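Notes follow once the structure below has been shown.
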Amino acid sequence: MTTYEQQSAFTGLSTTANQVRRAVESVIEGKPEVVRLSLTVLFAGGHLLLEDVPGVGKTMLAKALARSIDCSVQRIQFTPDLLPSDITGVSVYDQERQEFEFKPGAVFAQIVIGDEINRASPKTQSALLESMEERQVTADGRTYELPSPFMVIATQNPVEMEGTYPLPEAQRDRFMARISVGYPSAEAEMRMLESHGGYSPLDAMRPATHAQEIAKLIQSVRDVHVSDSVRRYVVDLITGTRTHPELRLGASPRATLHLLRAAKAAAALAGRGFVLPDDVQSVAVPVLAHRLLPTAQAQMNRHTTEHLVADIVRRTSVPDPYAAQRLRGM
């Protein structure tokens, strides 16, 4: 792909992203940063975990993001009695043909909304592991490909809420980013009462783009240029999580890849064909914090993993922010 074609693709991505953003923000009031990060994960080809207390709009955000794209959508309500086969599918014996027929589960959609994922048992949660990592489902010795693009948007309440299970480390590591929605400002809540009081804003939503366009733009994000110095910066941040004295579990190599892909998407959303350290910093906390485990001392000191990642970002030496442009002759 030529430089002109790449720039044209990034311009198209920025235009499409703005259309999707406006559609989502017509439903989610006063949360531009939350919407920006959600779109970053979408165009990076990752999966999104929305964690916060009940009632702040986690499921509404997931539905709005799904409805902004003309694609297949399935919603799974995670409950303690949910079975893995309800998610992946099951083979049923057809008496007329005298053979087993695979009945696809709810995961066979382009966008899968997992509502309150941590209310199901860890065994059921683990049914998503293969599909989230490999975009496929294996059942009875056969492998079934999932549609493209494929994205899981899961919501969960904090683990201290009654009736919830903590997500296994392997499950958390497959989510590219974790975002907390938070309470709206007083002004945003006033607008919400005015515009959402009599009807659901989702009813008026229309798709801003279609699945094929999203799949094409996800592919174009992979062509975003990353200089050696920025790659080294990403590795230095990851190494910082593994050596920090207040962390007993650092970030995995998968986290390294997710951080780089998210930074590429952040750069593309800004209309650039190259990654700056600022792009990496803007996604470091949501991409890394949910994968880390603090020490007992850090918990006693009430140092959250978000604070620790921010501390690592502050301590890590930043490379020349214009190295990428010079390498590309800009």
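Rounded, prolate or oblate: pick one for the range 11-50, where a ≥ b ≥ c are the square roots of the eigenvalues of its C-alpha gyration tensor, a/c under 1.5 means rounded, and failing that, prolate if a/b is larger than b/c, else oblate.
oblate
Accessible area per residue was computed with a 1.4 Å probe on protein heavy atoms; Val90 scores about 70 Å².
DSSP bridge analysis restricted to the range 1-148 gives an antiparallel fraction near 65%, rounded to the nearest 5. Straight Cα distances below 22 angstrom link Lys123 to the lysines Lys103, with same-chain residues fewer than 8 positions distant left out.
A probe of 1.4 angstrom, applied to the heavy atoms of all protein chains, finds Glu134 with accessible area near 100 square angstrom. The shape of the range 1-116 comes out oblate: with a ≥ b ≥ c from the C-alpha gyration tensor, a/c is at least 1.5 while a/b does not beat b/c.
Between the listed residues Ser121, Ser131, Thr143, the Cα displaced farthest toward the positive end of the dipole of the range 116-157, a dipole computed from Cβ unit charges relative to the Cα centre, is found at Ser121. Per residue, the range 52-165 exposes an accessible area of 49 Å² to a 1.4 Å probe, with every protein chain left in place. Share of carbon and sulfur in the accessible area of the range 1-104 stands at 49%, probe radius 1.4 Å. Taking every DSSP bridge with both residues inside the chain, close to 40 percent are antiparallel. With a ≥ b ≥ c the root eigenvalues of the C-alpha gyration tensor of the chain, is it rounded (a/c under 1.5), prolate (a/b larger than b/c) or oblate? Rounded. In terms of the mean number of neighbouring beta-carbon atoms within 10 Å, the peptides 288-298, 153-163, 260-270 order highest first as 260-270, 288-298, 153-163. Ignoring lysines fewer than eight residues from Lys216 along the same chain, the ones with Cα atoms less than 25 angstrom from its Cα are Lys63, Lys264. Sequence-distant contacts, meaning Cα pairs under 8 Å at least 6 residues apart, place the relative contact order of the chain at 22 percent. Rolling a 1.4 Å probe across the protein heavy atoms gives the range 263-314 an accessible surface of 39 Å² per residue.
Normalised by the number of residues in the range 118-179, what is the relative contact order in percent for Cα pairs under 8 Å and 6+ residues apart?
On the way: 50 pairs, mean separation 27.9, N = 62.
Result for the range 118-179 is 45 percent.
Rounded to the nearest 500, the helix-only mean residue ellipticity at 222 nm of the chain stands at -14000 deg cm²/dmol, with each DSSP H run of n ≥ 4 adding -39,500 (n - 2.57).
Label separation (Ala186 vs Arg232): 5.0 nm, computed from points 7 Å beyond Cα along the C-beta direction. Measuring between their Cα centroids, the range 230-305 and the range 148-165 lie 21 Å from each other.
The values are calculated or read from the model by the stated rules, or taken from the named source; none is laboratory data. Because the structure is predicted, anything quoted here is derived from the model rather than measured. Here the Cβ is made from the backbone with ideal geometry for all residues, glycine too, and neighbour counts use every protein chain on show. We work out accessible area using only protein heavy atoms, side chains counted, and drop any ligands, DNA or RNA first. Shrake-Rupley method; radii C 1.70, N 1.55, O 1.52, S 1.80 Å.
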